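See below for the structure under consideration.
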Amino acid sequence: MTVLVIAEHDHHTLAEVTRRAVTAATALDGDVHVLVLGQDCAPAAQQAAALSGVAKVLVCDAPLYAHPLAESMARAVLARAGEYTALVAAASSQGKDLMPRVAAGLDVSQVSDITAIEAPDTFQRPIYAGNVLARVVCEEAIKVLTVRPTAFAPAADGGQAEVVAIPAGEDPGLSRHVDATMTRSERPDLGSARVVVSGGRGVGDEGGFALLAEVADALHAALGASRAAVDAGYMPNDCQVGQTGKVVAPELYIAAGISGAIQHWAGMKDSRVIVAINRDEEAPLMQVADYALVADLNQALPALRDGLKALAEKGA
Amino acid sequence: MKVLVPVKRVVDYNVRVRPRPDGTGVDTAHAKMSMNPFDEIAMEEAMRLKEGGVVDEVVAVSIGSGDCQDTLRSALAFGADRALLLESDTTDFEPVVISRILAAVVAEEAPDLVIMGKQAIDDDCNQTAQMLAGRLGWGQGTFACRLEVQDGEARVTREVDGGTRTVALSLPAVVSTDLRLNEPRYLKLPNIMKAKKKPLDRRAVAELGVDLTARTRVVAVTAPPERGPGVRVASVEELLDRLKNEAQVI
Amino acid sequence: MPFDVVIVGAGPAGLAAAIRLRQRATEQGEDLSVCVLEKGSEVGAHILSGAIVEPRALDELLPDWREQGAPLNTPARKDRFLWLTRRRAIPLMAPPQMHNKGNYIVSLGNLCRWLARQAEALGVEILPGFPAAEILYDDQGAVRGVATADMGRNPDGSEGLRFEPGVELHARQTLFCEGCHGSLAKQLMTRFDLRRDCDPQTYGLGIKELWEVDSPLHEPGRVVHTVGWPLDNGTYGGSFLYHLDERRVAVGLIVGLDYANPYLSPFEEMQRFKTHPAIRPLFEGGRRIAYGARALVEGGWQSLPRLSFPGGFIAGDSSGFLNVPKIKGTHNAMKSGMTAAEAILDRLRGEAPEGTDADDLRQRLEATWVMRELRRARNIRPAFRRGLWPGITLSAMDTYLLRGRAPWTLHHREDHAQLRPAAVSRPIDYPRPDGRITFDRLASVFLSNTHHEEGQPVHLKLRDATKPTALNLPVYDGPEARYCPAGVYEYVDNGNGGQRLQINAQNCVHCKTCDIKDPGQNIDWCVPQGGDGPNYPDL
């Protein structure tokens, strides 16, 4: 069997989520090819070719793919789909947009947001917002899959795949790119970060949140906030973790000075490891946490930042 | 201009479900059921287009058991002009099957725009809108946080990782809704009463003559592992040590 | 919108009243419009009870309930009554009131869902998701209906972008069946001075969990009640364990809200209860599937207020029909609703003149088994004021020797006045939850499926915002953080070295304990937006 991974990139740099999708693809047994659709995207294609486990990279370099429009990308994928037994993409916003359209073109089911591959046709995926795990068997001749990036490690460099240019398809003429607004941030996105550092009213003031941001940076973590911290104006709206905000499930969730509102808890309870830091040892989140530290945040946050930096230096 | 809004009946988003003890499925007996929240956002957007004079008719459609009438009555209370229930004993069709059924409904109803939730909060698939658009050969504006319809074009601002992207779609098109598109209205008591008298057609899914089979199936469901009791750590040093060596997350 | 009768609350009392009204109207060929308002997102969403139901009232209301598939599926079979010490469980003779032959273990929520379907089939308009927030009065001061809650207000009370004002429902007669300590009933008590001839109401807090057990000890129909540990001898309360079908067990602990130690935490007592060596094995390897809490009335006969006022009545546990020694109230609540239906019809037909001082509902009830039963049981609960053993002794005397016909009546005191200052109380060191048998508050509240839309005014209103830190914290060490079974109340740093009360209103499970137990009577529990609150599946 041969697997085609549809790459995500900004033409110059291959996205981290694609490295993770490649890892998932290698678990399906068989050669892994990567399809890079873009404009002036040779650098991204080279990076894909350098990934360990990748046998071949198909590059389609054309103005049509200057922007990731599902209508034209799906056509390009479908033109090649017959050569593969599985089509894989990260369950990122791009993968989620594109892959079902591909599946419809093949009239097959798709398995979304896979968190574990048990066999080439058997997958695990969360349903009901992660409250239930489903084991899904897919018997389609061509499997269309999206994989949750945080569930797979990024593929390492070390490969030397051949890079093959393929011709561009036709413009379906259904959609047109107008503009894009990317909030450039060194921090990872809250929804897909491996580590989230989150603060509540107990963090105190702007100074406290600046400290929290330094801790987040030391961990390469996304920044989150409780409703109370957002309401108090310390953090922007889109940082709010909780039912009406975002539901997150990172590997590590550090909650600093967060009170016991159920929404916040529901928004982060599926995190693998939860750390709570609070001055009050009876605070409800302290009961929930895997590791609870009773401490004054004014002292704990700088100590945490410095400790993390020291660890990083030791590791490097 | 006509808008079709597919709506799904799901376990209410405040209700925590759990697997049946034998793992064959999710226990939804006695659970409160509601309209999928993303579909409520779709209904709201359709109503705003109608109230803005862009759209003349809003038709809601649901697929499933007779109980889906409740969901359609909610859609009618939102302000949909009429509703269509495609009845079946099967309530858990795969998205690929739903997209076949909806394509058949689109062929009959000939809407200019389909607005639907980006995903149902039960199976969390996030597929049906894209599949429907692909099947129909229409443009797709997924995860919409802003929608404008003018000059035969739908301009959709989409929520994507790290920002937004705006696309222009020629009509007809399919739009799927994200959380920030709007905040659905509260249903007014008098409108709930009125909705009981609006037209609601019921037909058997089988009448459409589409293929209802899918080759993907859920074989088991389990609860995620329970969280054990936590530990108190005495210092930042101990915390870092445990995170590194015990939990191995840093 | 005009109706003949508006009923507030779709619990057993309200639904029984609605069904009886439409039954009578149909018999007489009358056109009678009946509307039931329910604050929960659906009927049953806010219903929580043990529960063992005595089918007596149901037999009278819907004699064919068996054929109609009423969810009374588990007959109570075996009664056990245990006295727990820290390590031992000593069987006691179950008093006769506690015998449950002919009764059923049920989910009261599911029974209400079924009753609602019967009511709708009879033409009752049921409106879930619409709480009655305000009582409407006419020029003469008689009740003429209610207004539903506004939707879409901002936290400061101003109108938000999606604001929808409440709707006035006008009624010829309005029946209040909000359950224990109803927020509108509380206003009616004051407005019409309905408590002028009775004792204060007393309450308990019931905390309940539903488990799916994996133990050979499971036996459908088994009923176990305990007294004693983990509660101290001065605190009234006890547990229940009801074995349902499908490997389910309902377990709960009821703590009398006249407890004195401000350090007592009913929630943690409940968690601790499950760790008793005689109790724990049942839950080992099992799964907790639901959690909830609700205050219940314990005052009985001598605490029953006047039930009638111009324009309407109060029925069910808003007035207080629970029979404490029986540990049951559903049958009485339903019967009181059915009797209220008759009293309403009397008034609508002009057969019972309003505006007099007569309590026409009470008069009708006096002729029923409800009042006989309550009168007989009246001295049991107050006997426990001096502790467990004096209580058992006195109530055994009352039950076996006097058979409820004592020439005296023991009286009640107000629960909120019983709290002792922290300085003279002993802190209680509760064990940490283990995540298997015992749990923390947040994980528990999560299972109540409670939800309150963010960005609305806090529905737990402080009369005096300074009182928590002026009285509750210094004198009682912040008891609300412990008596609230949902973690609504938290004292947190105020940023100036002191503390302030944080109200996590979203966590609220609508149990009403804070409105009852707050030592300064400073909290008014008001209805939040429609549909908010817990979503109990099978409680």
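Here, each number is a calculation from the coordinates, and none is a lab measurement. Here the structure is a predicted model, which means the values were calculated and not measured. Every residue, glycine as well, gets a Cβ built from its backbone with ideal geometry; the counts of neighbours run over all protein chains shown.
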Computed ³J(HN,Hα) along segment C:70-83: with the Karplus parameters 6.51/-1.76/1.60, θ = phi - 60°, integer Hz and x for glycine or proline, the list is 4, x, 10, 9, 10, x, 6, 10, 10, 9, 10, 10, 10, 9
Taking the convex hull of the Cα atoms, report for segment A:195-315 its projected area averaged over all directions, in nm². 6.5 nm²
Express as a percent, rounded to the nearest 5, the fraction of DSSP beta bridges in the protein assembly as shown (both residues included) that run antiparallel. 50 percent
Can you work out the FRET efficiency for the pair A:Arg80 and B:Ala110, with r the C-beta to C-beta distance and R0 = 25 Å, to the nearest 0.05? 0.15
Going by amide H atoms built from the backbone, whose H comes under 5 Å of the H on A:Gln39, apart from near neighbours? A:Ala62
Starting at the first residue of segment A:216-229, write each ³J(HN,Hα) from the Karplus equation 6.51 cos²θ - 1.76 cosθ + 1.60 with θ = phi - 60°, in whole Hz, x for Gly and Pro. 4, 5, 5, 9, 6, 10, 7, 9, x, 8, 7, 3, 4, 5
Have a look at the protein assembly as shown and give its Rg and Dmax from the Cα atoms, expressed in angstrom. 30.8, 102
Please compute the length gained on full extension between C:Trp408 and C:Glu453, using 0.36 nm multiplied by the number of residues separating them and subtracting their Cα-Cα distance. 11.2 nm
Would you grab the residues whose amide H sits under 5 Å from the one on B:Arg18? Only those 5+ places off in sequence or on another chain, please, with H modelled 1.01 Å from N. B:Asp27
Using only atoms on other chains, find how many Cβ atoms lie within 10 Å of each Cβ of peptide A:283-296 and report the average. 6
Spin-label zone in segment C:168-198 - amide nitrogen under 16 Å from a point set 7 Å from the Cα of C:Ala417 along the C-beta vector: C:195-198
Long-range amide H partners of B:Gly141, meaning residues 5 or more apart or on another chain whose placed amide H is closer than 5 Å, are B:Val174, B:Val175, B:Ser176
Order of C:57-69, C:128-140 by packing, highest average Cβ count within 10 Å first? C:128-140, C:57-69
Magnitude of the Cβ-charge dipole of the protein assembly as shown, K/R +1 and D/E -1, about the Cα centre, nearest 20 debye? 3820 debye
Average beta-carbon neighbours from other chains, 10 Å sphere, peptide B:164-173: 5
Ignoring solvent entirely, what values of log10 I(q)/I(0) come out of the Debye formula for segment A:185-244 at 0.13, 0.14 Å⁻¹ when each Cα is a single scatterer? -0.28, -0.32
From the phi of every residue in segment C:102-113, what ³J(HN,Hα) in whole Hz does the Karplus formula 6.51 cos²θ - 1.76 cosθ + 1.60 yield, where θ is phi - 60° and glycine or proline is x? x, 9, 10, 8, 9, 9, 5, x, 5, 5, 5, 4
To the nearest 0.05, the calculated FRET efficiency linking C:Glu67 and A:Asp217 through their beta-carbon distance, R0 being 60 Å, is 0.30
Residue pairs, from the table A:Lys143/A:Lys246; C:Lys101/C:Lys328; A:Lys314/B:Lys244, whose Cα atoms sit over 19 Å apart: A:Lys143/A:Lys246
Which percent of Cα pairs goes in each bin when the distances of chain B are cut into 5 angstrom slices starting at zero? 1, 6, 12, 16, 17, 14, 11, 8, 5, 4, 3, 3, 1, 0
Rounded to the nearest 0.05, what FRET efficiency do C:Ala358 and C:Gln521 give with R0 = 41 Å and r taken as the Cβ-Cβ distance? Could you check? 0.85
Need one number: nm distance between label points at C:Ala260 and C:Ala147, each 7 Å from Cα along Cα→Cβ, rounded to one decimal. 4.6 nm
State the Cα centre-to-centre distance between segment C:23-102 and segment B:181-198 in whole Å. 34 Å
Quick check for you: which residues of segment C:256-294 have the amide N under 16 Å from the point 7 Å beyond the Cα of C:Met397 toward its beta carbon? none
Return the distance in nm (one decimal) between the two label points of a simple spin-label model at B:Glu153 and A:Met182, each offset 7 Å from Cα along Cα→Cβ. 2.4 nm
For chain B, size of Cβ-based charge dipole, Lys and Arg +1, Asp and Glu -1, in debye: 440 debye
Straight-line reach from B:Lys188: which lysines have a Cα under 17 Å away, not including same-chain ones fewer than 8 places off? B:Lys196, B:Lys197, B:Lys198, C:Lys39
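D for segment C:1-136, whole µm²/s, Stokes-Einstein with Kirkwood Rh over alpha-carbon pairs at 25 °C and 0.890 mPa s: what number?
Values: Rh = 16.9 Å.
The diffusion coefficient I find is 146 µm²/s.
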Could you check the spin-label model distance between A:Glu162 and C:Arg349? Points 7 Å from the Cα along Cα→Cβ, value in nm. 9.7 nm
Between segment C:414-435 and segment A:232-291, how many Å separate their Cα centres? 28 Å
Between B:Ala29 and B:Glu238, what length comes free when the chain is fully extended (0.36 nm per residue of separation minus the Cα-Cα distance, one decimal in nm)? 70.7 nm
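Is there a simple number for the mean count of other chain Cβ atoms within 10 Å of the Cβ of residues in C:71-79, and what is it?
That works out to 0 on average.
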For A:Lys56, which aspartates and glutamates qualify as cross-link partners when the Cα separation must be under 17 Å and same-chain residues fewer than eight apart are set aside? A:Glu8, A:Asp29, A:Asp31, A:Glu83, A:Asp157, A:Glu162
Provide the gained length on full extension for the span B:Thr222 to B:Ala247, in nm with one decimal, where the gain is 0.36 nm per separating residue minus the Cα-Cα distance. 6.7 nm
Quick one: helix B:37-51 against the long Cα principal axis of chain B, what's the angle to the nearest 10°, folded into 0 to 90? 30 degrees
When only C-alpha pairs under 8 Å and at least 6 residues apart count, what is the relative contact order of chain A, in percent? 14 percent
Exposed loop sites here are GluC sites (Glu not before Pro) in DSSP loop states with at most 14 other C-beta atoms within 10 Å. What is the longest stretch of chain A lacking them? A:187-280
For segment B:73-88, list residues with backbone N below 13 Å from a point placed 7 Å from the Cα of B:Glu51 toward its Cβ? B:78-80
Reachable lysines from C:Lys274, Cα under 17 Å, same-chain residues fewer than 8 places away excluded? C:Lys208
Once normalised by the length of chain C, the mean sequence separation of its alpha carbon contacts under 8 Å that are 6 or more apart gives a contact order in percent of 20 percent
